[in-house]
Every structure is written in C-alpha cells, then in structure tokens.
Amino acid sequence: MRRVRVRPAPGPLAGALGLPGDKSIAHRAVLLGALATGTQRIRGLPQGADVRASLAAVAALGARVEPDADWTLVHGAGRRFGAVGPEVIDCANSGTTMRLLAGMLAGGSRTVVLDGDASLRRRPMERVAAPLRALGARVETTAGRPPIRIHPGTLRGIDWTLPVASAQVKSAILLAGLGAAGETVVREPHPTRDHTERMLVAMGVPVERRDGAVAVRGGTELHAIDLTLPGDPSSAAFFAVAAAIVPGSRVVLRDVCVNPTRDGFVRILRRMGAAIEYRNARDVGGEPCADVCAAAGVLVGTSIDAAEVPAAVDELPVLAIAAACAAGETQVRGASELRVKESDRLEALAQLRVLGVDVTVVPDGLVVRGTGGGPLGSGAVSARGDHRIAMAFAVAALRAPDGIEIDDAGAVDVSFPGFFDRLSVLGAQVEVLA
Ligand code: S3P
C-alpha cells in the first residue's frame, strides 16, 4: 500500500476499539527479557515492524524467541547476551531498538555494529554514544549517526545529566549501568517515559528515583516475568483526536496505558475543549491503564511548552491536526526534538498548508491558526516515511469533505498495522490508490 485517499465518515464516529500493545513497553519487554535469566512471557506484543526489529535483534544476539498467537516467549541469554551472533544488527526503522541495544551491548565482549534503514541512518546517535563513552565503553558513530560500532569495554558507573529529555538515552545509560561497577545516575531536564524503570523493578532490579534523577547499581540480575501489555496511548491518540474533531462523535478506546509520562495528549486535548474521561482505571503489567472515552468538543487553541513535550512527544503530530480544527492559535515550543524523529515532523506538518491551514514553522515548534471548526481543504500530502505523519493526516481527512490523498501511507505498519481498517470501522472512507 503506497497511496490512500481518506474521506470523512458520513456521520459522527461511534464505537469501541482495542489498540495494539504499547510499542515502548513492548521493546523493553523483549530487550530486558533477552538480558534476563529465565523466560519472559509477553502477552499482546504489537505486530508492527519496530517491535519485530527488537525481536530479530535479540534472537540474533543469543536470546531465543518463540512467537505464539497470544504470548511471545523470550528465553533470556542473561550475561551471555550479545556474546554470540553476527557482527551487524539491523535495527530497521527503530530508534528505540538501536539506542537501548547500544546500552545493553556497551560492556560486551566483542564488537557489534548497529545499523538501520535510511531514516534511522539520519538520526542523531552521539546523544547515546557520549554517555556510554563516559561509562568506559568504546563506541564509534558515523559522523554522529548510525551505523554505530560498539567495541568490548569495561564499564564504571557515572552521574550523567541529559542535555535533551530522552527516554531512549536515559534507558540506554541505565541498561549499561546494570553492567557497570558501582552506581549509575541519570538526571533529566523534564520527566520522560519511565517504562524502563518500572520494568526493571518488576524484574527484581532496585531502582532509586529521586527529584528528576534515576539510579541503578551494577551487577544485579534480571529475573524474567510474565507481562501483559496495555494498549498504546500513542496509537489511541489518533482516535481520541478523531473523536474530538468530528462533531457528535464518541469513541471508547479500551485498555490504554495512561502512565502520566505518556498521557500528556489527554491533558492537552481536554484543555482544548475535548471531553475525555478515564473509566475502569486499573494496573496492567505494572502500568496504569484505563478505558479512554473521547468525545467531540468545541476546540480552542492552546500553548504547549518544553515541559509538556516529553509526555506528548509522539502525539504532537496528531495534536497539530486538533489545532488545525480549533478556533484561534496553537503554539508549540521547545519541540525541536520533532526534527529528529522518523522524519522532520515540524516540516512534515507544514504540509497542513496544502489543506488551507495557516502554519508557521519555527526552529523549535509550530504555530497553527485553526479553522475554528470549519472544514479543511483537500489535497495530497506525503507521510515522508513516517508512520505518525501518515496517521495524523488520515485523521485530518475526517474534516476534509473532498478527502486527503496520502503518499507513503504504508509507513503506518511501523507501529500500527491495521490502522486504516480501524479508521474504516469508525465510518471513514478509505480507498487504496496504489
Ligand atoms: C521512546 C522515547 C521517545 C519517543 C519514541 C519512543 C521510547 O524518544 O519519541 O517514539 O520508547 O523510549 P526519545 O527518547 O528520543 O525522546
């Protein structure tokens, strides 16, 4: 599937949807399972290409993976993880696979090269290489980008302050810290997703958390666990925005992870005027989870600043679509990280202009002047190889009476195979053009 045209549903969106398992937690379940002793049993592993990249990588590096309809088993390699396997590991499109693996392999006994596709090869890797070198690892990047070469090394704990809020870099340092002598501390400018910390604790590793800092001690063994994955809030966000912008809609998203380091989009959408409620709040696999009921509202623009970005970082593309439908101006600042995701998401979102939306791109964000509930224009945009851009514009199409043509729409398979089917179930008209 290369090109699709999405047109609005004939009426309001209504219904209940399940979502793929959370991608961030899934990567960690697979990667930490590979480092553990015993068998990690993971229920609800998402089928997207990113998580498959983590599965293939750990299988190549000494863990044994047994896929099953419901449960995926990862038989851990323990301390022998990375000691065997090919020299080059392909991380495909997945930054999480590459950065977390870099941390896991940093204290290893042989050279491993981490590589990826054209998009991953454009992404910054010094942010992870620099702290790993400070730990004593020998790491080379290719002019700051992949491929990354990790040579054998002996690690000593460090106290590292992240210049940029990044859960991937925080996690890489903590995972390297597990193989380092003494204590490793990571300090972050703003709190980022804490799935690594939660899972380490569940797997028997003491993690100390104090005032913006996280610390682990080297030498503790990880014990495999049984884990059910909650639904991915980053996937849920597309349907929450869809419900918010199509008048009269009400959609229930079942079993969504609502960890406060991930549900910033809900706080932002509520502030804009959408009606969003959590029902049946519970714990799933050590993570807060709820059914998210999202309904249409009269949306107004808002301001999103650097402190709010980490908890909504992957949802900002679809929040820009909500902003395009709102009354007044939405300002997004402190979000230059969006330039180094699977695409330069700030420039990719400037394609809202094709739909007649007034957008200004600034170095660290966007200013969107919304239509105030009026329809969006129609036209053709490109996903630019980026799953979240493809899905964001598909949601925009729900307010574009003549539809939107999306090129490179197959990118959705990175995190959400079946996304367009779910959108059709809600009534949207999806036509595959090529
Ligand atoms: C992720 C962290 C975020 C996010 C990415 C997944 C993770 O990236 O954008 O999609 O699983 O740790 P950064 O760590 O670069 O902020």
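The values are calculated or read from the model by the stated rules, or taken from the named source; none is laboratory data. Quantities reported herein were computed from a predicted structural model and do not represent experimental measurements. Please note: Cβ atoms are built from the backbone with ideal geometry, for glycine as well, and neighbour counts cover all protein chains shown. The accessibility values were calculated without ligands, DNA or RNA, using every heavy atom of the protein model including side chains. Shrake-Rupley method; radii C 1.70, N 1.55, O 1.52, S 1.80 Å.
Every residue in segment 8-49 that is closer than 13 Å to LEU101 by Cβ and within 13 Å of the ligand (Cβ to nearest atom), please.
HIS27, ARG28, VAL30, LEU31, LEU32, listed by residue number.
Starting from residues that are part of a strand (DSSP E or B), more than 16 Å from the ligand (Cβ to nearest atom) and open to solvent by 30 Å² or more (accessible area, probe 1.4 Å), keep the ones in segment 137-150 and report whichever is farthest from LEU31 (Cα to Cα).
Applying the filter and picking the extreme gives THR142.
Condition first: over 15 Å from ALA176 (Cα atoms) and in contact with a Leu (Cβ under 9 Å, 6 or more places away or on another chain). Now tell me which residues in segment 95-111 satisfy that.
Answer for segment 95-111, where residues must be over 15 Å from ALA176 (Cα atoms) and in contact with a Leu (Cβ under 9 Å, 6 or more places away or on another chain): just GLY95.
Within segment 123-136, does at least one residue satisfy the condition of being basic (Lys, Arg) and buried (at least 17 other Cβ atoms within 10 Å of the Cβ)?
Scanning segment 123-136, I find at least one residue that is basic (Lys, Arg) and buried (at least 17 other Cβ atoms within 10 Å of the Cβ), so the answer is yes.
Which residues, taken from segment 315-332, are out of contact with any Lys or Arg (no Cβ under 9 Å at 6 or more places or on another chain) and either farther than 17 Å from ASP358 by Cα or assigned to a strand (DSSP E or B) (or both)?
Listed by number, the residues that qualify are ALA327, GLN331, VAL332.
Among the residues of segment 305-314, what is the count of those that are touching a residue at least 60 places away in the same chain (Cβ under 8 Å) and outside any helix (DSSP H, G or I)?
1
Scan segment 1-28 and report the pairs whose first residue is closer than 15 Å to VAL395 by Cα and open to solvent by 50 Å² or more (accessible area, probe 1.4 Å) and whose second residue is away from the ligand (no atom under 16 Å from the Cβ) and hydroxyl-bearing (Ser, Thr, Tyr), with Cβ atoms within less than 8 Å and a gap of 6+ or a chain change.
Cβ pairs passing all conditions: PRO12/SER249; ALA14/SER249.
Within segment 161-184, can you find the residues that are farther than 17 Å from GLY78 by Cα, open to solvent by less than 10 Å² (accessible area, probe 1.4 Å) and more than 11 Å from the ligand (Cβ to nearest atom)?
Residues satisfying the conditions are ILE173, THR184.
Identify the residue in segment 185-203 that is closer than 18 Å to VAL284 by Cβ and within 16 Å of the ligand (Cβ to nearest atom) and, among all such residues, is surrounded by the fewest Cβ atoms within 10 Å (Cβ to Cβ).
Per the stated criteria, the residue is ARG198.
Taking interchain pairs and intrachain pairs at least six residues apart, which have beta carbon atoms under 9 angstrom, with the first residue in segment 236-251 and in contact (Cβ under 8 Å) with a residue 40 or more places away in the chain and the second of a type in the set (S, T, N, Q) and open to solvent by less than 10 Å² (accessible area, probe 1.4 Å)?
ALA242/SER249; ALA243/SER249
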